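S.K.: Here's a structure for you.
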Amino acid sequence: MSERFVYVTYIRTTPEKLWDALTKPEFTRAYWCETWQECDWKAGSPWRIMIPDGRVADSGEVLEIDGPHRLVLSWRNEFTEMNAEGYSRATFELEPVGDTVKLTVTHEMEQEGSKLIAGVSKGWPHILSSLKSLLETGKALEETARWPAGR
């Protein structure tokens, strides 16, 4: 892969609760700008992230799944010019470490100068910080609570 973004954080939770927060709509709506994922979470299944107004934000396929440890998705942006870049790959790895879970998110693409990877490099830290806040305090970050106006 030519372009890669990696984010690592430690969250005071269990692998099962973190897995649910990554995959279940009642959680993602709270920390990920009111979006939710539609998927049956089986290898080979299609998945997509839905925007509150009904548009599809991103889509792809479940490439690997081993809950609550590892999830690999093909990932293509669907609502901006980044769609033309095609599919990237997002890997979520959950590893228990004491009373926390180490979450490693790797988002990569075989395209030099990828606008998508540049975009997720700004987006993932905010979204994942909000996820951490939600799981540790019960409250997501205010900045990621709603879909941005005009997007």
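S.K.: Could you give me the percent of Cα pairs per 5 Å distance bin for the chain, shortest bin first, beginning at zero and ending with the bin that holds the maximum distance?
M.R.: Bins of 5 Å from zero give 2, 10, 18, 24, 23, 15, 6, 1, 0 percent of pairs.
S.K.: Which shape class, rounded, prolate or oblate, goes with segment 1-50 when its Cα gyration tensor gives a ≥ b ≥ c as root eigenvalues, a/c under 1.5 marks rounded, and past that a/b bigger than b/c marks prolate? Let's see the in-between values first.
M.R.: Numbers: a/c = 1.42, a/b = 1.02, b/c = 1.39.
Judged from the Cα gyration tensor, segment 1-50 comes out rounded (a/c under 1.5).
S.K.: Kindly state, to the nearest 0.05, the FRET efficiency for residue 53 paired with residue 100, given R0 = 41 Å and r defined as their beta-carbon distance.
M.R.: E between residue 53 and residue 100, to the nearest 0.05, is 0.70.
S.K.: Could you give the distance between the Cα centres of segment 1-40 and segment 96-143, to the whole Å?
M.R.: One Cα centre to the other: 8 Å.
S.K.: Whenever you get a sec, compute what percent of the accessible area on segment 29-94 sits on carbon and sulfur atoms (1.4 Å probe).
M.R.: Whole-percent figure for carbon plus sulfur exposure: 47.
S.K.: What residues from segment 70-92 fall in the zone where the backbone N is under 19 Å from a label point 7 Å along the Cα-to-C-beta line of residue 147?
M.R.: 76-83, by backbone N distance to the label point.
S.K.: Taking a ≥ b ≥ c as the square roots of the Cα gyration tensor eigenvalues, with a/c under 1.5 meaning rounded and otherwise prolate when a/b beats b/c, else oblate, which class fits segment 28-72?
M.R.: oblate
S.K.: Go ahead and run the numbers for FRET between residue 139 and residue 14, Cβ-Cβ distance against an R0 of 22 Å, rounding to 0.05.
M.R.: Calculated value: 0.70.
S.K.: Sticking with this structure for a sec: In percent, what relative contact order does segment 76-151 have, based on Cα pairs under 8 Å that are 6 or more apart in sequence?
M.R.: So the answer I get is 18 percent.
S.K.: Still on this structure, I have one more. Rolling a 1.4 angstrom probe over the protein heavy atoms, how many square angstrom per residue are accessible across segment 78-133? Before the final figure, lay out the partial values.
M.R.: Values: 2530 Å² over 56 residues.
About 45 Å² of surface per residue is accessible.
S.K.: Hey, what did the chain get for relative contact order, percent, Cα under 8 Å, at least 6 apart? Could the numbers behind the result be given before it?
M.R.: Working: 318 pairs, mean separation 44.8, N = 151.
Across the chain, relative contact order equals 30 percent.
S.K.: Residues of segment 35-77 with backbone nitrogen within less than 19 Å of a virtual label 7 Å along the Cα-to-Cβ line of residue 7, please, listed as ranges.
M.R.: 35-38, 48-52, 57-60, 69-77
S.K.: Here is a further query. Sort segment 63-151 into rounded, prolate or oblate with this rule: let a ≥ b ≥ c be the square roots of the eigenvalues of the Cα gyration tensor; rounded if a/c is under 1.5, and if a/c is not under 1.5, prolate when a/b is larger than b/c, oblate otherwise.
M.R.: It is oblate, given that a/c is not under 1.5 and a/b is not larger than b/c.
S.K.: Ordering 108, 3, 93, 26 by accessible area with a probe of 1.4 Å, largest first, what comes out?
M.R.: My answer, sorted largest first, is 26, 93, 3, 108.
The values are calculated or read from the model by the stated rules, or taken from the named source; none is laboratory data. Please read all numbers here as calculations on a predicted model, not as lab measurements. Every residue, glycine as well, gets a Cβ built from its backbone with ideal geometry; the counts of neighbours run over all protein chains shown. Heavy atoms of the whole protein, side chains included, go into the accessibility calculation; ligands, DNA and RNA do not. Shrake-Rupley method; radii C 1.70, N 1.55, O 1.52, S 1.80 Å.
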